[in-house]
């Protein structure tokens, strides 16, 4: 039984990696369209990366170390995104969480533009 569970876990991990790779390839193939659709939300790729890293667990300091930006810069972006309702604070220390995936933001923006 344990061996069977391990096999299932291994296969699920392989499937997850495959699906992630497919999503990456789709995003890459549509990169220009995606970037254009995201221009209303993010002024540069660093801001987009910050949004993607905003998981409600990482602090502004944690994210700042990854993208080389100070805590105040991260906090300012979080506040801006909260105002346009694409991010929300998660707790006492207020790390923020992105409310949407990048693809969801593209869809939202396309609907707004119609």
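Below is a table of values for the structure above.
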| read-out | value |
| --- | --- |
| Condition check for residue 105: assigned to a loop (DSSP other than H, G, I, E, B) and either surrounded by 11 or more Cβ atoms within 10 Å (Cβ to Cβ) or out of contact with any helix residue (DSSP H, G or I) (no Cβ under 6 Å at 6 or more places or on another chain) (or both) | no |
| All positions within region 90-102 that are closer than 19 Å to residue 32 by Cβ and surrounded by fewer than 16 Cβ atoms within 10 Å (Cβ to Cβ) | 101 |
| Residues that are under 18 Å from residue 39 (Cα atoms), without any contact (Cβ under 8 Å) to a residue 24 or more places away in the chain and touching a strand residue (DSSP E or B) at 6+ places or on another chain (Cβ under 9 Å), drawn from region 66-82 | 79, 80, 82 |
| Residue 63 being at pLDDT below 90, surrounded by 15 or more Cβ atoms within 10 Å (Cβ to Cβ) and in a helix (DSSP H, G or I) | no |
| Tally of residues being free of Cβ contacts under 8 Å to residues at least 12 places away in the same chain, part of a loop (DSSP other than H, G, I, E, B) and exposed (fewer than 14 other Cβ atoms within 10 Å of the Cβ) across region 31-60 | 3 |
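The values are calculated or read from the model by the stated rules, or taken from the named source; none is laboratory data. All values reported here derive from a predicted model rather than from experimental measurement. With ideal geometry, Cβ positions are generated from the backbone for all residues, glycine too; neighbour counts draw on all protein chains shown.
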